[in-house]
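Have a look at this one before I ask anything.
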Amino acid sequence: MEEKNHKAEHRLQLLRREQGSFTGVRDVNSFDEKEISLVTEEGILTVHGEGLHVTRLDLEKQEVDIQGRVDSLVYSQGIAKSKGGEGMLKRLFQ
């Protein structure tokens, strides 16, 4: 079987800093009311804010919707992207 080397398109849409839609999401690292951490095709995306909630998650389609007040969006080149989405604790204790 041929391996796919194609990256899904990563897109984000934010409406009035209260509703967000993200595509190209490989996994959700963590989430609570102040922070959501997503593994995307372009690195780790951390959403900071207040009253944050994941309202829809479809990892098969690589889509996530959120609600709440968004204060910042920060990308970082995390190890999780280069290691195929493994969690940080798993890598530390190998």
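Which length gain, in nm to one decimal place, applies between Arg56 and Arg16 when the Cα-Cα distance is subtracted from 0.36 nm times their residue separation? Please list the in-between numbers first.
Working: separation 40, 0.36 × 40 = 14.40 nm, distance 1.82 nm.
Residue separation times 0.36 nm, minus the Cα-Cα distance, leaves 12.6 nm.
Also: List the residues whose amide H sits under 5 Å from the amide H of Lys34, counting only those 5 or more places along or on another chain, with H placed 1.01 Å from N in the peptide plane.
Those qualifying (amide H under 5 Å, at least 5 residues apart or on another chain) are Leu52.
Read the figures in this text as sums done on the coordinates, not as results from a lab. Quick caveat, the model's predicted, so the values are computed rather than measured.
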